Amino acid sequence: MTETPQTDETRYNFRDIEERWLPVWRETQPFRSSDPTDERPTKYVLDMFPYPSGDLHMGHAEAYALGDVIARYWVQRGFNVLHPIGWDSFGLPAENAAINRGLDPRGWTEDNIAQQRASMERYACSFDWDRVLATHRPEYYHWNQWLFTRMHEKGLAYRKHSAVNWCPKDQTVLANEQVVAGLCERCDTPVTKKKLNQWYFKITDYADRLLDDLQELEGTWPSKVIAMQRNWIGRSEGADVQFRIEGRDEPIDIYTTRPDTLHGATFMVVAADSDLAAELVQGADADVKQAFDAYVEEVRAASDIDRLATDRPKTGVFLNRYATNPVNGERLPIWASDYVLADYGHGAVMAVPAHDQRDLDFARAMDLPVRVVLDVRDEDGKPVEDPATSGVAATGDGTVINSGDLDGLSKADAISAISADLEDKGLGKSARNYRLRDWLISRQRYWGTPIPIVHCDDCGEVRVPDEQLPIELPPAEGLDLKPKGSSPLGAATEWVNTECPDCGKPAKRDTDTMDTFVDSSWYYLRYLNPQKTDGPFDPEDTKKWAPIDQYVGGVTHAILHLLYSRFFTKALNDMGLVDFNEPFTALLNQGMVQMEGSAMSKSRGNVVRLGEQLDEFGVDSVRLTMVFAGPPEDDIDWADVSPGASAKFLARAWRLARDVTSEPGVDPSTGDAALRASTHKTMHECAELAEGFRFNVVVARTMELVNVTRKAIDSGAGPADPAVREAAEAVAVLLSLVAPYCAEDMWSMLGHENVARGGWLDVDESLLVEDTVTCVVQIKGKVRERLEVPPSIGEDELREMALAAPRVVRALDGAEIRTVIVRAPKVVNIVPA
Ligand code: ANZ
Ligand code: ZN
């Protein structure tokens with residue numbers, strides 16, 4: 001590539017440029033979205049908000065660069081874009097850090113917020129700084145409490161005594177979702193079970209809607225995330241079947257998805273930690289009881305996820321009790337084991353070892369019989385090996401055998417037949433189960449939203465009246481925040497002791513605080529009116545902006561946060577507070593930033609510091625590198641990219657604007673046609689690319705346009721050509737999406753202000769036609785040559801080109817020509833004499 005000789009590399013100085021524009025943007029706030037007179041159509045682009053647990057890191061830099069490209073793109077397309085930011089500032093990271101440093105979590109949190117905010121401003125995030133929120137501030141959590149109260153009124157918030165996941169290190173309960181492979185998500189301590197009185201949100205009431213409405217998101221959410229949501233909700237269709245228990249008056253229900261295998265049941269298993277197991281073991285011999293008690297002790301320490309794992313050795317205790325199979329009267333021994341969960345279905349299963357792997361593993365471990373009742377074949381039509389010897393359950397489809405009247409039926413027909421029969425006899429009915437559990441929202445920690453409930457000896461659980469909200473957290477001073485199994489708030493005696501809102505007698509405040517996922521379940525609505533004091537959000541503004549057009553964030557939140565937000569939105573919809581059902585119309589998950597093949601972590605010593613990268617290469621180069629590295633969903637390895645090369649490219653782009661000599665507003669139509677075609681084509685394609693999230697290709701196209709423009713300046717049209725100005729302005733607008741400082745500086749050199757609202761080029765369709773078309777040259781109707789010609793080629797020029805083409809000359813071999821028929825630009829027909 002040629003450069004003008006007067007090029008002076010030192011003249012593009014990102015430090016000067018950053019220093020020049022950051023104060024201007026601080027002053028002008030180009031991304032304010034709350035002007036009521038603004039008539040532009042609206043878009044709501046939302047980035048997941050950060051925890052203020054330190055300064056921004058490379059992961060933030062990637063996510064916010066991508067969200068920013070989207071927001072800035074829609075601004076350039078003429079939309080009033082709401083692109084807000086805030087802080088998810090309650091929760092364990094802040095609290096633990098505060099405990100470790102002996103500081104008040106408030107001050108620590110606010111300091112970190114200030115630091116992150118300054119970094120975001122420097123990073124040129126196009127946030128609307130008038131709408132900032134932080135969930136630890138009373139003006140935010142006031143409305144958590146208000147929403148909790150609405151949930152409580154509707155019976156969607158309730159308290160129950162149950163065994164919960166307990167992290168012995170953090171001394172707090174965890175939602176199932178916060179237990180990863182049996183370990184606490186935060187500190188990797190093995191999670192145990194503890195019986196406690198806890199607050200729940202009844203998300204299971206919404207299981208069907210949460211599942212069915214996923215259909216609406218198909219195509220605009222990553223299919224992987226939709227599948228994860230589906231699995232998490234885990235709807236299962238089957239039947240409840242009644243079994244009599246010898247020596248017990250009431251029969252019990254078991255849940256099965258395979259009533260077709262009833263004849264293959266050879267024993268029954270109840271969850272070791274269920275009430276039923278405890279009841280059945282009553283009256284058993286002392287040694288059975290003792291073995292059972294010891295076993296239950298072990299079981300309580302294991303997580304549900306471990307318990308369900310198929311590769312785990314099976315353990316259990318025979319309870320010395322028997323059940324009766326309703327279809328054939330057979331006597332089935334009853335065992336207690338941990339692979340059956342107490343809170344799924346009825347906490348009891350009929351075990352069909354031939355056709356269920358976990359039952360088979362258990363049967364083989366305990367030496368229990370295996371009976372095949374389905375003739376399952378492999379691909380070659382041969383019967384699969386006997387599960388009793390192979391150790392592999394025959395879980396496929398097949399024909400029923402060893403099952404009396406049912407023999408010969410297919411699996412599906414047998415399920416219908418036996419279900420109908422059981423239903424007739426009153427022994428069974430169809431049933432559904434979900435993997436999804438109610439959402440456990442109470443935490444025994446200080447740094448969260450206090451639950452707005454007062455416990456009164458006479459009135460019980462009393463909601464704090466709306467006009468007494470917010471219930472502010474008492475100061476941390478004087479409280480021991482260290483986790484100890486009960487909430488630190490219990491020690492704030494003055495705060496705890498209150499009077500009952502109903503009867504006025506002395507009563508006590510609930511001392512639990514809310515899971516921070518409550519905060520993030522509706523924050524997108526609070527951005528609409530972060531300062532509103534008489535409600536959580538304004539219905540008019542909700543109509544104007546919500547739901548979110550584009551949500552951007554990490555796939556780590558693919559289950560919990562999205563599920564909870566979807567639940568909140570549906571509950572709010574039912575309360576008439578919003579008129580839509582899904583909060584996030586479209587979702588983009590960015591990849592991760594890695595270093596040398598693995599996630600950055602202190603222990604690996606491969607952490608790249610964002611601040612250092614920004615100091616060395618400049619904000620624009622880092623942003624451009626993030627965006628250019630690949631499709632947004634892909635992980636980026638910082639060892640493979642080159643922010644230095646990005647800086648060189650930006651310098652090259654910047655010099656275009658420096659070199660333009662025409663006046664702003666000059667009519668481009670008289671300019672160099674080829675350059676104009678490139679400019680218009682680039683803008684046209686980049687719009688499509690940006691809307692398809694192919695921002696890396698947008699950057700590549702911009703680079704091409706920079707090269708073409710440079711050629712035009714140096715060896716073609718020259719710096720005064722109006723097409724050169726048009727191209728340089730287009731480059732500035734394109735760069736404003738990824739490299740706003742450089743773009744703003746270019747824009748200013750080009751004689752304009754505020755590149756963010758520069759506006760997308762009005763693409764001239766007539767300039768988009770292909771660069772060349774193929775012209776066929778025929779002699780006496782026979783094709784002799786194909787020529788690539790410009791579509792606008794004139795007849796005379798085309799005739800000359802055709803007659804001069806070497807192959808045509810050879811084919812004519814000096815013959816005289818009678819006529820040449822030219823149909824520009826496609827056909828030339830030569831007729832010799
Ligand atoms: C007999 C049977 C035979 C089963 C067979 C499966 C295959 P999903 O699809 O996950 O809902 N089950 C029922 N309650 C359970 C509990 N509390 N803990 C663990 N397992 C339980 O699974 C339903 C199946 O899981 C049920 O169908 C039951 O085993 C087992 F060839 O019943 B099945
Ligand atoms: Zn009372």
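List, please: which pairs have Cβ atoms under 9 Å, are six or more places apart or on different chains, and start with a residue in segment 121-147 that is under 22 Å from PRO93 (Cα atoms) and surrounded by 22 or more Cβ atoms within 10 Å (Cβ to Cβ) and end with one that is at pLDDT below 95 and aliphatic (A, V, I, L, M)?
HIS136/ALA94
Can you find even one residue in segment 121-135 that is in a loop (DSSP other than H, G, I, E, B) and β-branched (Val, Ile, Thr)?
Yes, some residue in segment 121-135 is in a loop (DSSP other than H, G, I, E, B) and β-branched (Val, Ile, Thr).
Condition test on THR399, is it of a type in the set (Ser, Thr, Tyr), away from ligand 1 (no atom under 14 Å from the Cβ) and part of a helix (DSSP H, G or I)?
no
Look at LEU374 and say whether it is crowded, with 18+ Cβ neighbours inside 10 Å, farther than 26 Å from ALA294 by Cβ and either at pLDDT 95 or above or within 16 Å of ligand 2 (Cβ to nearest atom) (or both).
Answer is yes for this residue.
Among the residues of segment 524-537, is there at least one that is under 13 Å from ASN144 (Cα atoms) and assigned to a strand (DSSP E or B)?
Within segment 524-537, not a single residue is under 13 Å from ASN144 (Cα atoms) and assigned to a strand (DSSP E or B).
Need the failing condition index for ILE441 against (1) away from ligand 2 (no atom under 16 Å from the Cβ); (2) more than 25 Å from PRO326 (Cβ to Cβ); (3) without any contact (Cβ under 8 Å) to a residue 60 or more places away in the chain, just the number.
Every condition holds for ILE441 apart from (3).
Please go through segment 458-505 and pick out each residue that is surrounded by 17 or more Cβ atoms within 10 Å (Cβ to Cβ), within 40 Å of the chain's Cα centre (by Cα) and not hydrophobic (A, V, I, L, M, F, W, C).
ARG463, PRO470, PRO474, PRO483, SER487, PRO488
Scanning for something within 15 Å of GLN115 (Cβ to Cβ), touching a residue at least 40 places away in the same chain (Cβ under 8 Å) and part of a helix (DSSP H, G or I), does segment 78-93 turn up at least one residue?
Within segment 78-93, one or more residues are within 15 Å of GLN115 (Cβ to Cβ), touching a residue at least 40 places away in the same chain (Cβ under 8 Å) and part of a helix (DSSP H, G or I).
Among the residues of segment 336-371, how many are of a type in the set (Asp, Glu), within 39 Å of the chain's Cα centre (by Cα) and either buried (at least 22 other Cβ atoms within 10 Å of the Cβ) or farther than 13 Å from ILE254 by Cα (or both)?
The number of residues fulfilling the criteria is 4.
List the number of the failed condition for ALA728; all other conditions in (1) of a type outside the set (Asp, Glu); (2) at pLDDT below 95; (3) not in a loop (DSSP other than H, G, I, E, B) hold.
The single condition ALA728 does not satisfy is (2).
Which of the residues that make up segment 336-371 are modelled with pLDDT under 95 and acidic (Asp, Glu)?
ASP338, ASP343
Which of (1) over 29 Å from LYS648 (Cβ atoms); (2) without any contact (Cβ under 8 Å) to a residue 12 or more places away in the chain does ASN589 not meet, given it meets every other one?
If we test ASN589 against (1) over 29 Å from LYS648 (Cβ atoms); (2) without any contact (Cβ under 8 Å) to a residue 12 or more places away in the chain, just (2) comes out false.
Of all the residues that make up segment 444-457, how many are within 16 Å of ligand 2 (Cβ to nearest atom) and within 35 Å of the chain's Cα centre (by Cα)?
Total satisfying the criteria: 2.
Filter segment 274-300 down to the residues that are polar (S, T, N, Q) and within 20 Å of HIS346 (Cα to Cα) and list them by number.
The answer is SER274, GLN282.
Show the residue pairs meeting these rules: Cβ distance below 9 Å; 6+ apart or different chains; first residue within segment 184-204 and surrounded by fewer than 16 Cβ atoms within 10 Å (Cβ to Cβ); second residue modelled with pLDDT of 95 or more and assigned to a strand (DSSP E or B).
ASN197/ARG159
List every residue pair whose Cβ atoms lie under 7 Å apart, where the two residues are 6 or more positions apart in sequence or sit on different chains, the first residue falls within segment 207-226 and is touching a residue at least 12 places away in the same chain (Cβ under 8 Å) and surrounded by 15 or more Cβ atoms within 10 Å (Cβ to Cβ), and the second residue, located anywhere, is part of a helix (DSSP H, G or I) and among the basic types (Lys, Arg).
ARG209/LYS570; LEU210/ARG566; LEU211/ARG230; LEU214/ARG230
Name the residues in segment 481-507 that are assigned to a loop (DSSP other than H, G, I, E, B) and within 15 Å of ligand 2 (Cβ to nearest atom), would you?
CYS500, PRO501, ASP502, CYS503, GLY504, LYS505
What is the number of the single condition among (1) at pLDDT 95 or above; (2) within 16 Å of the chain's Cα centre (by Cα) that GLN613 does not meet?
Condition not satisfied by GLN613: (2).
Only residues that are over 20 Å from ASP273 (Cβ atoms) and either within 16 Å of ligand 2 (Cβ to nearest atom) or of a type in the set (Val, Ile, Thr) (or both): list them for segment 322-361, please.
Scanning segment 322-361 gives THR324, VAL327, VAL352.
Restricting to segment 458-480, name every residue that is among the charged types (D, E, K, R), out of contact with any Cys (no Cβ under 6 Å at 6 or more places or on another chain) and within 16 Å of ligand 2 (Cβ to nearest atom).
GLU461, ARG463
Could you list, in sequence order, all residues of segment 328-353 that are within 11 Å of ligand 1 (Cβ to nearest atom), out of contact with any Lys or Arg (no Cβ under 6 Å at 6 or more places or on another chain) and assigned to a loop (DSSP other than H, G, I, E, B)?
Hits for segment 328-353 are VAL340, LEU341, ALA342, ASP343, TYR344, GLY345, HIS346, GLY347, VAL352, PRO353.
What are the residues in segment 445-467 that are in a loop (DSSP other than H, G, I, E, B), farther than 24 Å from LEU174 by Cβ and not hydrophobic (A, V, I, L, M, F, W, C), if any?
Selection gives ASP457, ASP458, PRO465.
For LEU422, are the conditions met, namely being in contact (Cβ under 8 Å) with a residue 12 or more places away in the chain, within 16 Å of ligand 1 (Cβ to nearest atom) and crowded, with 19+ Cβ neighbours inside 10 Å?
Here the answer is yes, as LEU422 does meet what is asked.
What single numbered condition from (1) more than 24 Å from ALA71 (Cα to Cα); (2) among the hydroxyl-bearing types (Ser, Thr, Tyr); (3) in a helix (DSSP H, G or I); (4) at pLDDT 90 or above fails to hold for THR774?
(3)
The values are calculated or read from the model by the stated rules, or taken from the named source; none is laboratory data. As the structure is a prediction and not an experimental result, all values here were calculated from the model. We place every Cβ from the backbone using ideal geometry, glycine too, and count neighbours over all the protein chains shown.
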